[in-house]
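One structure below.
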Amino acid sequence: MKSAIKVLLAEDHTILRNGIIALLDDEPNIKIVADAKNGHEVLDYLNSGIQTDVVLTDINMPDMNGIELISNLRTNFPDVKICVLTMLDDEKHVNQSLDAGASGYLLKNVNIAEIIFAIKQITLGYKYICTGISLKLLSQINLRINTGSAHLKSDVEVSKREIEILGLIAQGYTNSEIAEKLFTSKRTIEGNRQNLLEKTGTKNTAALVNFVVRNRIID
């Protein structure tokens, strides 16, 4: 039998921390090994020998905040995956978290199913950004695009049509539905999706959105 994913939770609000623990306790494939009020307590647990696969952490915490904790974990516990769970939905904090070494970014208004899914995805080595953040950031990206093509800092070119398709994918539309909206064929949309993955060297849609966020599309 496959062992449960071990999670260490860092959250300074006691009621919220206990609520997350209670919800995750119902998931047989996840085990909460410890909970902490700040980054220092997380490091104390790990230095004492507690083993964890994932640290699920808030950003705004006293003494040592989430960004500082992520940087410390990347240096001293590189095998531990990190997923942010926060109320902060701005691009600045998303980028800071990902640049520091987080593999996931979730808002606190997500349901428990999405938290569980994110934990499982990052444990497998993928990146995960919750739907709410993805939609907001893609909306901001679309506002920056007027005509022609957009350029990424990585020198990868993404056309306006490809950004349209990415936006619709993030909203949950299927290839057939996107094709209908853009008056083209399903085969064409499948080709565009694959082309985006190949251009950016990403494995799936979540990783693609993460790439776009990290590189910040500019005109």
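Quick rundown of the values:
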{"quantity": "Residues (in contact with a Leu (Cβ under 8 Å, 6 or more places away or on another chain) and either at pLDDT 95 or above or closer than 28 Å to residue 48 by Cβ (or both)) located in the range 74-87", "calculated": "76, 77, 80, 82, 83, 84, 85, 86"}
{"quantity": "Residue satisfying condition, being more than 25 Å from residue 28 (Cα to Cα), crowded, with 16+ Cβ neighbours inside 10 Å, in contact with a Gly (Cβ under 8 Å, 6 or more places away or on another chain) and not basic (Lys, Arg), within set 73, 98, 107", "calculated": "73"}
{"quantity": "Any hit, the range 88-104, residues being at pLDDT 95 or above, over 20 Å from residue 17 (Cβ atoms) and not small (Gly, Ala, Ser)", "calculated": "no"}
{"quantity": "Every pair of residues 6+ apart whose Cβ atoms lie under 7 Å, when the first sits in the range 41-64 and is over 21 Å from residue 98 (Cβ atoms) and in contact (Cβ under 8 Å) with a residue 40 or more places away in the chain while the second is basic (Lys, Arg) and surrounded by fewer than 19 Cβ atoms within 10 Å (Cβ to Cβ)", "calculated": "51/6"}
{"quantity": "Filter result for residue 59 (within 20 Å of residue 116 (Cα to Cα), touching a strand residue (DSSP E or B) at 6+ places or on another chain (Cβ under 6 Å) and not in a loop (DSSP other than H, G, I, E, B))", "calculated": "no"}
{"quantity": "Failed item in (1) touching a residue at least 60 places away in the same chain (Cβ under 8 Å); (2) in contact with a Leu (Cβ under 7 Å, 6 or more places away or on another chain); (3) not in a helix (DSSP H, G or I), with residue 27 passing the rest", "calculated": "(2)"}
{"quantity": "Residue match in the range 7-23 (condition: among the small types (Gly, Ala, Ser) and in contact (Cβ under 8 Å) with a residue 40 or more places away in the chain)", "calculated": "yes"}
{"quantity": "Residue, least open to solvent (accessible area, probe 1.4 Å), within the range 2-24, restricted to residues that are part of a loop (DSSP other than H, G, I, E, B) and more than 21 Å from residue 121 (Cβ to Cβ)", "calculated": "12"}
{"quantity": "Filtered residues of the range 105-122 (kept if in a helix (DSSP H, G or I) and touching a residue at least 60 places away in the same chain (Cβ under 8 Å))", "calculated": "112, 115, 116, 119, 120, 121, 122"}
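The values are calculated or read from the model by the stated rules, or taken from the named source; none is laboratory data. Please read these numbers as outputs of a predicted model, since none were measured by experiment. Heads up, the Cβs are rebuilt from the backbone with ideal geometry, glycines too, and the neighbour counts pull from every protein chain shown. Accessible surface areas use protein heavy atoms only, side chains included; no ligands, DNA or RNA. Shrake-Rupley method; radii C 1.70, N 1.55, O 1.52, S 1.80 Å.
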